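Below: the structure, in C-alpha cells.
The values are calculated or read from the model by the stated rules, or taken from the named source; none is laboratory data. Just so you know, these numbers come straight off a predicted model, no measurement behind them. Please note: Cβ atoms are built from the backbone with ideal geometry, for glycine as well, and neighbour counts cover all protein chains shown.
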Amino acid sequence: MTHAAVAVLPPAILLMGPTASGKSALALEIARRFPVEIISVDSAQVYRGMDVGTAKPAAAERAAVPHHLIDIIDPDQSYSAAQFRAEAMRLMEQICGRGRVPLLAGGTMLYFKALREGLSNLPQADVAVRAAIETEARERGWSALHAELARVDAPTAARLKPGDAQRIQRALEVFRITGKPLSALQGSRVPAEAQYCFIALALVPAERALLHRRIEQRFEAMLAAGLVEELAALRAKYALDANLPSMRCVGYRQAWEHLEGAYDRATLRERGIYATRQLAKRQLTWLRAMDEPGQFDCYAPKLGERVLRHLEEQIPRR
C-alpha cells in the first residue's frame, strides 16, 4: 500500500491470524503507538457471558483502548456475516470521524472476507425451513440430506462432508427458499464499497508445532479458569440447545457434550485441543487464499517492533 493510496482513502488495519497467535496482545501494542479503536472480528466474542472460552480481552484492556462488537448479543441469539459487515462499516465511519484508525482484529476469516469482498445475495435464515431440515435430519440422518443436496446442488455437495450438518443445512435452506442452488447464488456478490485503504497483517506461525503447543496451553488454561462452569451457568440462565451457533463454538461444543455425560474431563481436554487445532488449520487455509496480506511470524522475536515499523511506512503521521 502506498502513501498516495492512504492519502486518498482513510486507513483501516486488518489484523488476522489463527487462534492462539497473539492477535489481542499485538492489537494492544499497536494501540500504544497509533490512535486506534479496536473492532473485534470474532464470531464468538459477540456473545455475552461467553468469556472464558472466547479469550475476550480483560476489562482493564477494554478500558484502556475502545473495543467494539464484544458482548452485543445473548448466546440464545444468532449473528451473521451480513450483520457484522453492516455494523463494522458503521463503526469504521464513526472511528474515522473521530480522527482515529479502525483496527479490525480477530480470527473469523469469513467476516474479513465479507468486509473486503462484499456478500452474496443470499436469503436470510428462515426458522421454519431450518426446523424442517433438522427434523428430517433426525429421521433420515445428515448423510441422506447430503445425498439430497448432491441432486440439487452438486458443486456445493462435492465440497462438503456428509457430516457437515451446519453447511448442509444452510445449502438446503437456500435452495428451498429460492429454488436456486447455493453454488449459483454465491457468484453474485454485492461489491464492497472502496471506502478504506485496508492494511492487512497476517500472523502465520513459521513452526506449526509451536502453534499447537500454544493451543494446548491455552485450552488447559480455559479449563482451569472455569470453562465448564461458565457453560453450566449459561445453560441455567438461557434456553440453550446444542445446535445454536453459540454452542457450536469450539470449546463450548465439547464442554456441552461433557456436561451431557458423553465423556469425562480428560476426554474433554483432548477433544477441545483437537477441535481448536482444526479451527487453526481452517483459519490458516483462509489466510493463504487471501490476497497476499503482509505476513509475520507470530512467534518471532520483536514481532511488535516489526509490525509497528511496517505500519509506520503505511500510515503517515497526521
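If the requirement is being modelled with pLDDT under 95, under 23 Å from Gly118 (Cα atoms), small (Gly, Ala, Ser) and outside any loop (DSSP other than H, G, I, E, B), which of these qualifies: Ala192, Ala184?
Ala184
Quick check on my filter: what residues within region 223-245 are without any contact (Cβ under 8 Å) to a residue 60 or more places away in the chain and part of a helix (DSSP H, G or I)?
Leu223, Ala224, Val228, Glu229, Ala232, Arg235, Ala236
Among the residues in region 73-86, are any surrounded by fewer than 16 Cβ atoms within 10 Å (Cβ to Cβ), within 15 Å of the chain's Cα centre (by Cα) and farther than 22 Å from Leu28 by Cβ?
yes
Confirm whether Leu149 is of a type outside the set (Lys, Arg) and modelled with pLDDT under 95.
In short, no.
Among residues belonging to region 232-260 that are in contact with a Phe, Trp or Tyr (Cβ under 6 Å, 6 or more places away or on another chain) and modelled with pLDDT of 95 or more, point out the one that is surrounded by the most Cβ atoms within 10 Å (Cβ to Cβ).
Ser246
Restricting to region 246-272, count the residues that are touching a helix residue (DSSP H, G or I) at 6+ places or on another chain (Cβ under 6 Å) and without any contact (Cβ under 8 Å) to a residue 24 or more places away in the chain.
Total satisfying the criteria: 2.
Can you tell me which residue is farthest from the chain's Cα centre (by Cα) among those in region 1-42 that are in a loop (DSSP other than H, G, I, E, B) and modelled with pLDDT under 95?
Top of the filtered list is Thr2.
Looking at Arg218, Arg138, Arg176 in this structure, which one is out of contact with any strand residue (DSSP E or B) (no Cβ under 8 Å at 6 or more places or on another chain), touching a residue at least 24 places away in the same chain (Cβ under 8 Å) and over 24 Å from Phe112 (Cβ atoms)?
So the residue among Arg218, Arg138, Arg176 that is out of contact with any strand residue (DSSP E or B) (no Cβ under 8 Å at 6 or more places or on another chain), touching a residue at least 24 places away in the same chain (Cβ under 8 Å) and over 24 Å from Phe112 (Cβ atoms) is Arg176.
In region 125-135, is there at least one residue being surrounded by fewer than 16 Cβ atoms within 10 Å (Cβ to Cβ), part of a loop (DSSP other than H, G, I, E, B) and in contact (Cβ under 8 Å) with a residue 12 or more places away in the chain?
yes
When you look at Thr135, is it of a type outside the set (D, E, K, R) and touching a helix residue (DSSP H, G or I) at 6+ places or on another chain (Cβ under 8 Å), yes or no?
no
Counting only residues that are charged (D, E, K, R), under 28 Å from the mean Cα position of the chain (by Cα) and exposed (fewer than 14 other Cβ atoms within 10 Å of the Cβ), which one in region 139-161 is nearest to Asp241 (Cα to Cα)?
Within region 139-161, the match that is nearest to Asp241 (Cα to Cα) is Lys161.
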